[in-house]
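Engineer: Can you read through this structure? Questions will come right after.
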Amino acid sequence: CALRVAEGLTNAGRSVGVFASPHVERVTERVRIGREEIEDDALAAGLERALEMQQAAEAQDTPGGRASWFDLITVGAILCMAQVGVEWALLEVGLGGRLDSTNAADGELAVITSIDLEHTEILGSTRSAIAGEKAGVLRAGRPFVCGVAQRPELSGLENAWAVLDERARELECELHWVAPEVTVAATNRAIAAEVLDVLGAAGELDQEGRPMAGGLLAEGPGWRLPGRLERFHRGPVPLVIDGAHVASSVERLLQDLASDESLSGPCVVVLALAADKPTGSLLKTLVAKVDSCICTSVASGIHRDADDLAALAVEVGLDALAVADPGDAVAEACSRVASGGWVLVTGSLYLA
């Protein structure tokens, strides 16, 4: 969603910086100046300045001396954007919101796209608790664009929308709700369009002197990052790579891809999962939606063993096989694909 907003602002003739996470192939993926990924030397300079600040804070025995890696990369990214004088900086929260490094910035507008049961050991075990953490990015009297589904049938701990709505009222934020679309891509486009409409209504103009509006967005998926709906071919076999790693995001991913006629055949999944993810619910999402599942692992120290994951997959009714090496797992999946079929690699951005 941040990249779609950046696309619209760029099309409006405004200079834009984007900080997104995590990275998949190169750390420079995290920072964009306009359409381009930041150069190595520019990011290095920003990080060196951030490290100098940390060392000064450490010498003065202030909290900044205990800055984390993510604190430093956040500060480095913002310094890089300031160095080139961007007019708008789009900062994507790393985890939660209230205590995230990016929340040190005083945002003109807040966006929350969805609420998933993710990072529950840190953010809380219910959607309402996670919504409370994410609501920490709201600023008193400033607009709030929200794509979280309104679910009146849910009550109490599962009603994330109610928490966000109440917090917006408390802070007197003008709330702009965007109904979720059929696909994630369409939802992100709708949210980005609303952001541009809100900015236009607040007096922000495009390069022609007209109020900004959602019409600045092009059709199609827009700018993308590695590991998010990336498409390849391995010989004749279509291959999709996406880092979705919780049940709800995998379900939305499969819904998005179901509308693609080139992926109408049977699907073989290559799957790796971190040990702290809710494995059972994700595996159940795949049942009856995929032809078979090749379970693999990643040498990160946090991922499930391939044999362990395959055993769990078989328990929920999947046709599963363990192949420890990810490259071998993809080769096995491609060899199993029936005529007209395709391969989905998912479950972990490390795997991507």
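Engineer: May I ask you to derive the relative contact order of the chain, considering only C-alpha pairs under 8 Å and at least 6 residues apart, and to give it as an integer percent?
Structural biologist: After rounding, I find 14 percent.
Engineer: While we're looking at this one, here's another question. How many percent of DSSP beta bridges within the chain run antiparallel, rounded to 5?
Structural biologist: Bridges in the chain are about 30 percent antiparallel.
Engineer: Something else now. Working out 0.36 nm times the residue gap between ALA288 and GLN150, then minus their Cα-Cα distance, what length gain in nm do you get to one decimal?
Structural biologist: Contour length minus the Cα-Cα distance gives 46.9 nm.
Engineer: Kirkwood Rh and Cα-based Rg: tell me the resulting Rg over Rh for the chain, rounded to two decimals.
Structural biologist: Radius of gyration over Kirkwood radius for the chain works out to 0.98.
Engineer: Would you mind checking the radius of gyration and Dmax of the stretch 164-257 based on alpha-carbon positions, in Å?
Structural biologist: In Å, with Rg to one decimal and Dmax whole: 17.4, 56.
Engineer: Calculate, for VAL314 and ARG169, the FRET efficiency according to 1/(1 + (r/R0)^6) with r their C-beta to C-beta distance and R0 51 Å; round to the nearest 0.05.
Structural biologist: Result of the calculation: an efficiency of 0.55.
Engineer: Compute the relative contact order of the stretch 247-352 as a whole-number percentage, counting only Cα pairs closer than 8 Å that sit 6 or more residues apart in sequence.
Structural biologist: The normalised contact order for the stretch 247-352 reaches 35 percent.
Engineer: Give the long-range amide H neighbours of ARG151: residues separated by 5 or more places, or on another chain, with amide H under 5 Å away, using H modelled in the peptide plane at 1.01 Å from N.
Structural biologist: TRP161
Engineer: Among TRP88, GLY147, ALA324, pick out the residue whose Cα is farthest towards the positive end of the charge dipole of the chain, where Lys and Arg carry +1 and Asp and Glu carry -1 on C-beta, about the Cα centre.
Structural biologist: Final value for the positive-end residue is GLY147.
Engineer: May I ask you to give the percent of accessible area on the chain that is carbon plus sulfur, with a probe radius of 1.4 Å?
Structural biologist: 51
Engineer: Which value in nm describes the separation of the simple spin-label points at SER262 and ASN11, placed 7 Å from the Cα toward the beta carbon?
Structural biologist: 2.2
Engineer: Let me check against my output: what whole-number percent is the relative contact order of the stretch 15-104, with C-alpha pairs under 8 Å and at least 6 apart?
Structural biologist: Contact order relative to length: 35 percent.
Engineer: For the stretch 154-243, what is the accessible area per residue in Å² when the probe is 1.4 Å?
Structural biologist: I get 54 Å² per residue for this part.
Engineer: Could you calculate, for the stretch 210-347, the ratio of the Cα radius of gyration to the Kirkwood radius, expressed as Rg to Rh?
Structural biologist: A ratio of 1.03.
Engineer: Shifting gears a bit: Please give the per residue accessible area of the stretch 250-352, computed with a probe of 1.4 Å over protein heavy atoms only, in Å².
Structural biologist: So the stretch 250-352 comes to 42 Å² accessible per residue, rounded to a whole number.
Engineer: Excluding same-chain residues fewer than 8 positions from LYS134, which lysines have a Cα within less than 21 Å of its Cα?
Structural biologist: Within the straight-line limit of under 21 Å, LYS134 reaches these lysines: LYS277.
Engineer: Any aspartates and glutamates with Cα under 19 Å of the LYS284 Cα? List them, leaving off those in the same chain fewer than 8 positions away.
Structural biologist: ASP116, GLU118, ASP242, GLU251, ASP256, ASP276, ASP305, ASP307, ASP308, GLU315, ASP319
Engineer: Based only on the alpha carbon positions, what is the Kirkwood hydrodynamic radius of the stretch 1-81, in angstrom?
Structural biologist: It works out to 13.5 Å.
The values are calculated or read from the model by the stated rules, or taken from the named source; none is laboratory data. Predicted model only: the values in this text are computed from it and were never measured. Virtual Cβ from ideal backbone geometry, glycine too; neighbours counted across all protein chains shown. These accessible areas exclude ligands, DNA and RNA; they are computed on the full protein's heavy atoms, side chains included. Shrake-Rupley method; radii C 1.70, N 1.55, O 1.52, S 1.80 Å.
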